Amino acid sequence: DTAVSQTPKYLVTQMGNDKSIKCEQNLGHDTMYWYKQDSKKFLKIMFSYNNKELIINETVPNRFSPKSPDKAHLNLHINSLELGDSAVYFCASSPRFGGMNTEAFFGQGTRLTVV
Amino acid sequence: LAKTTQPISMDSYEGQEVNITCSHNNIATNDYITWYQQFPSQGPRFIIQGYKTKVTNEVASLFIPADRKSSTLSLPRVSLSDTAVYYCLVGDIRAGNNRKLIWGLGTSLAVNP
């Protein structure tokens, strides 16, 4: 059983399109995250939800909109895709938000390529 | 920002002990030190976390001196499968913008036969 699963694994799309990436965790964790890893391998947090409540909303374009229908799911919708959005997007979850023993479990990533 | 400095790359051989040191001079009182491992085309994987002194688990040890301005991840008897990028993070994700967990470029460890 995959702990944190995200779909699709690969996504190739044209500029201007709208796309969604889905994430599900079966670990019973309270907190979920979206990270972006660019071509230079920098990992940056984008959003975090704790018990379905948005708690981290980093400086990302408002074309990116997360949605958490329940504690186990955190989806990422991206409007009007741009070339610069090409990256690997990781979903992650942790038992709680911050503090000790809050190791994050990451999904396998979604490689988004905008052409 | 809770900035960390670690070597860009390291080389080792199978069976050796590898120590990767991370410098974090501006660590704050409430900050934790966390290490992750990332293989190509995979998400990062948690290795170990500590606050002070020494922490050991089944895969690694983390040594933190009293001033907490640095930390050393120790991997005993590495194998080829330990070839990966290792990230040192300092901070607390609950904190304000200046203390959030910042991911650097990590240390690319190459284990040779």
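The values are calculated or read from the model by the stated rules, or taken from the named source; none is laboratory data. Nothing here was measured: the structure is a model prediction, and the numbers come from that model. Glycine gets a Cβ as well: all are built from the backbone with ideal geometry, and neighbour counts include every protein chain shown. SASA here: full protein model, heavy atoms, side chains in, ligands and nucleic acids out. Shrake-Rupley method; radii C 1.70, N 1.55, O 1.52, S 1.80 Å.
For this structure, a couple of remarks:
- Subset of the stretch B:53-90 [crowded, with 16+ Cβ neighbours inside 10 Å, within 14 Å of another protein chain (Cβ to nearest Cβ) and either under 10 Å from the mean Cα position of the chain (by Cα) or over 15 Å from B:THR4 (Cα atoms) (or both)]: B:VAL55, B:ALA60, B:LEU62, B:ALA84, B:VAL85, B:TYR86, B:TYR87, B:CYS88, B:LEU89, B:VAL90
- Set A:GLY84, A:GLY16: member being farther than 26 Å from B:GLY91 by Cα, touching a residue at least 60 places away in the same chain (Cβ under 8 Å) and open to solvent by less than 70 Å² (accessible area, probe 1.4 Å): A:GLY16
- Residue match in the stretch A:89-111 (condition: exposed (fewer than 14 other Cβ atoms within 10 Å of the Cβ) and modelled with pLDDT of 90 or more): no
- Some residue of the stretch A:57-73 being at pLDDT 90 or above and within 22 Å of B:LEU105 (Cα to Cα): no
- For the residues B:GLY43, B:GLY50, the requirement of being within 14 Å of the chain's Cα centre (by Cα), under 28 Å from A:LYS36 (Cα atoms) and not aromatic (Phe, Trp, Tyr) singles out B:GLY50.
- The set of residues from the stretch A:19-54 being outside any loop (DSSP other than H, G, I, E, B), open to solvent by less than 30 Å² (accessible area, probe 1.4 Å) and not aromatic (Phe, Trp, Tyr) comprises A:ILE21, A:CYS23, A:GLN25, A:THR31, A:MET32, A:GLN37, A:LEU43, A:ILE45, A:MET46, A:SER48.
- The residue that is nearest to the other protein chains (Cβ to nearest Cβ), among those in the stretch A:55-72 that are within 27 Å of B:CYS88 (Cα to Cα) and open to solvent by 80 Å² or more (accessible area, probe 1.4 Å), is A:THR59.
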